[in-house]
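Data first, discussion second: the structure below is written as structure tokens.
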């Protein structure tokens, strides 16, 4: 399997490749299209000068000063003339170039240009080269530059004015660029070398700058599995965000790891204790047949039930989290369910000194999974009974409508929960009161199961608690007739 390329190498190579592509495009443009660009620019200048002059002619505002200013600006020569009795008559003229074809030709040649302009639809463009030996200009058509020779461009247009049709002729010179090109190539070669070196150096330092925090994040991420939960790498905005996300993830991992250790310790203790008791009662009844009585058998049954409940909590939570246990909703009376559960568990917990009452203020019907909501209520009541301490345990289950919802609250008179522990009681495996009697046993999954069930129903849940005065655990469900 081929080894994958690192981000640093890709970044460095990308900068080099981009630079090479840009330089290649520059070289191709200069080598193959420089002549065409130069010719195009000169043609654009002469046509622009023509537009300025013809615009003034059409409004009868053209004068010698304006014509000269245009010629000097665009480095052209110009003649404004007209035909009178078959002859060319010059009205205005401007000579700004050293050697100008326009001012070297006679009136007859200008008349030929006049006729050619008319035949071509009112505009005429042609390139000429001067022959030093024969001392005359000859046409090269529109082929463009011819070797290293100086090229003359003649551009003429006819303009209809109030004074009649006028001919405007412009002359521009395209000088040889061979020497300029050689100099340009030399400068371009030096520029290419410098840019490549700068790009390589820049890419290398950018690779180090970007790669260093990424490498640090990678090392820190690898340490997460070894319980090293620090992740405070600083860098660019994206690196800071990634570091912050890993820090949050590491905090969650740390918290989960702490909860997992507590859970294993709790489960080990909670399973070991009933198993030890079951073994003790069994051995006692085997060794002493007279001890085989109803009370000892009930003790064995009670401890076995504790193990079953613990395993059941773990299985139920696993199914809820994995999504294999989805609500099977139906419309039923929540009021009747609260009455029935409060009555049934009031009898079961009476022997533990618990008094459970139901205060049903309204009759309410909901659309929910009957068994899951029953599990929520049972968990709340069991939790209240278990954490109410010794002595008389008063538990009240209330139900009342609140607008389009119904609220069920389980109230106990226990010791309450410390404010700093309230946000964590819904975490799996978490058990309150490590230093007091609360949470002396149990899996720590009861409230986590409540949380999962209520979230699957789209309902609300929560707790209000005051140390020394007890707790109020509540849930809110939409009434059946108001469900979405």
Original post:
Tell me, 479, 320 in order of fewest to most beta-carbon neighbours within 10 Å?
Top reply: 479, 320
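What does the extension gain come out to for residue 351 and residue 247, with contour length at 0.36 nm per residue minus their alpha carbon separation? Numbers along the way, then the final one.
Numbers: separation 104, 0.36 × 104 = 37.44 nm, distance 4.92 nm.
The span from residue 351 to residue 247 would gain 32.5 nm if fully extended.
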**OP:** Report the FRET efficiency, 1/(1 + (r/R0)^6), for residue 161 and residue 36, where r is their Cβ-Cβ distance and R0 is 45 Å, rounded to 0.05.
**Re:** 0.80
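Any chance you could run the full-extension gain for residue 115 through residue 187? It's 0.36 nm times the residue separation minus the Cα-Cα distance, nm to one decimal.
Details: separation 72, 0.36 × 72 = 25.92 nm, distance 4.68 nm.
Extra length available between residue 115 and residue 187 comes to 21.2 nm.
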Original post:
Roughly how large, in nm² to one decimal, is the mean projection of the convex hull of the alpha-carbon atoms in segment 237-319?
Top reply: 7.1 nm²
**OP:** Give me the distance in nm between label points sitting 7 Å out from Cα along the Cα-to-Cβ direction at residue 265 and residue 90, one decimal.
**Re:** 11.1 nm
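So if R0 is 41 Å, what FRET efficiency would residue 424 and residue 22 give, r being the distance between their Cβ atoms, rounded to the nearest 0.05?
Numbers: r = 57 Å, r/R0 = 1.40.
Efficiency for this residue pair is about 0.10.
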Original post:
By how many nm would the segment from residue 150 to residue 298 grow when fully extended, if each residue of separation counts as 0.36 nm and the alpha-carbon distance is taken off?
Top reply: 41.3 nm
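Residue 339 to residue 200: FRET efficiency via 1/(1 + (r/R0)^6), r the Cβ-Cβ distance, R0 56 Å, to the nearest 0.05?
On the way: r = 81 Å, r/R0 = 1.45.
The computed FRET efficiency comes out at 0.10.
Among 372, 40, which comes first, then next, by fewest other beta-carbon atoms within 10 Å? Mind dumping the intermediate values first?
Details: 372 22, 40 12.
Arranged by neighbour count, lowest to highest, 372, 40 become 40, 372.
Any read-out appearing in this document is the output of simple, stated calculations on the displayed coordinates, not a laboratory observation. This is a predicted model, so every value here is computed, not measured. Heads up, the Cβs are rebuilt from the backbone with ideal geometry, glycines too, and the neighbour counts pull from every protein chain shown.
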